[in-house]
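In what follows, a single structure is set out as structure tokens and then discussed.
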């Protein structure tokens with residue numbers, strides 16, 4: 001057999017083969033933009049349970065400000081909605 005001729009043990013051969021494929025898979029993950037994007041998407045969908053949903057925040061923000069009010073009534077609403085959207089305890093008008 002080839003391993004006997006080269007003087008390699010079977011464990012060394014399989015270990016080297018495993019390391020080679022692990023490095024090749026890591027290089028493919030790092031160098032391929034498409035694979036990296038898919039990996040990030042998989043992690044974000046299956047690992048992180050609580051995600052910040054920008055669409056829900058934006059819809060709530062625009063619903064809150066969608067009425068036809070005069071500017072003096074709209075300014076406090078805008079400040080409150082902005083403070084709520086960013087998680088601030090309160091806002092300040094100058």
Among 13, 61, 39, which is part of a helix (DSSP H, G or I), modelled with pLDDT under 80 and in contact with a helix residue (DSSP H, G or I) (Cβ under 8 Å, 6 or more places away or on another chain)? 61
Got at least one residue in the stretch 75-87 being modelled with pLDDT under 75, in contact with a helix residue (DSSP H, G or I) (Cβ under 9 Å, 6 or more places away or on another chain) and assigned to a helix (DSSP H, G or I)? yes
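The values are calculated or read from the model by the stated rules, or taken from the named source; none is laboratory data. Every value quoted in this text rests on a predicted model; they were computed, and no experiment measured them. Neighbour counts run over all protein chains shown; Cβ positions are idealised from the backbone, glycine included.
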